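Accompanying notes for the structure given below.
The values are calculated or read from the model by the stated rules, or taken from the named source; none is laboratory data. Please read these numbers as outputs of a predicted model, since none were measured by experiment. Quick reminder, even Gly has a Cβ in these numbers, built from the backbone with ideal geometry, and neighbours come from all protein chains shown. Ligands, DNA and RNA are stripped out before the accessible areas are found, and what is left, the full protein with its side chains, is counted by its heavy atoms. Shrake-Rupley method; radii C 1.70, N 1.55, O 1.52, S 1.80 Å.
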Amino acid sequence: MLREYGYTGRIRALFAFHFPDPNLHPARVVRADRGRVLLAPAAGWLHPRTGGLDGRPATGDWVAYDGARPDAEGGPVLAGILPRYSALARKKAYDPLSQEQVLAANIDVVGVVVPLDRPLSRNRLERILVAGWDSGAVPLVIVTKADLAGAHSGVVAQVAGQAGAAEVVTTSAETGDGLDELAQRVRPGQTLALLGPSGAGKSS
């Protein structure tokens, strides 16, 4: 299960370096709630508390848990968070002095999802692209709902013009167009995060 969640040889080596204790095991955070995380370890699922950790884990983090020392509830004790190689973060728009909130960590590709069933929001696309580059990951613009291109035929050209150095892939979940091309942009062991407005086709 760890391999399915991106546990590559690189992560294995980093984990061994930072957590040499043989009682500590790796797991990936697949959901971060207040005071708890849902972890994908080697097998099954874990839902431990995060109290005592130095820092707040985010979705995508790799953590070490102690398999030999349960907490008061019988769950595993979290021993630490592996240093992040990328982090997608945001600040409150109305408070520039606010602390950054990490939305996701250890991402390789940020998929900026732009649907063709509505006019292009250039400001939104620019904000998400900037966040993608700032994260340390590689932004990839994913145009969705290409089967509806007739509704806003100029959107693809606008997106391509605004994407800058980011690649643009045009897809349709309805017809399957572009999905093979999209799959080739994410190599085995990599993590893709999708950003975009509600109804853009991220789930599809």
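Every residue, every condition in (1) among the aromatic types (Phe, Trp, Tyr); (2) open to solvent by less than 30 Å² (accessible area, probe 1.4 Å); (3) under 23 Å from residue 103 (Cβ atoms); (4) touching a Phe, Trp or Tyr at 6+ places or on another chain (Cβ under 7 Å), yes or no:
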| residue | (1), (2), (3), (4) |
| --- | --- |
| 117 | no, no, no, no |
| 121 | no, no, yes, no |
| 130 | no, no, yes, no |
| 138 | no, no, yes, no |
| 156 | no, no, no, no |
| 159 | no, yes, yes, no |
| 173 | no, no, no, no |
| 178 | no, yes, no, no |
| 195 | no, no, yes, no |
query: If you go through segment 107-146 one residue at a time, how many are part of a helix (DSSP H, G or I) and among the small types (Gly, Ala, Ser)?
result: 4
field: Of residues in segment 67-101 being of a type in the set (Ser, Thr, Tyr) and at pLDDT below 90, the one farthest from residue 136 (Cα to Cα)
entry: 94
- prompt: Can you find even one residue in segment 55-62 that is among the aromatic types (Phe, Trp, Tyr) and buried (at least 21 other Cβ atoms within 10 Å of the Cβ)?
  reply: yes
message: Among the residues of segment 1-27, what is the count of those that are in contact (Cβ under 8 Å) with a residue 24 or more places away in the chain, out of contact with any Asp or Glu (no Cβ under 7 Å at 6 or more places or on another chain) and either closer than 15 Å to residue 80 by Cα or of a type in the set (A, V, I, L, M) (or both)?
response: 11
query: Of the residues 193, 165, 149, which is modelled with pLDDT under 90 and either of a type in the set (A, V, I, L, M, F, W, C) or in a loop (DSSP other than H, G, I, E, B) (or both)?
result: 149
Qualifying residues in segment 6-36 (those that are outside any strand (DSSP E or B) and among the basic types (Lys, Arg)) - the one most open to solvent (accessible area, probe 1.4 Å): 34
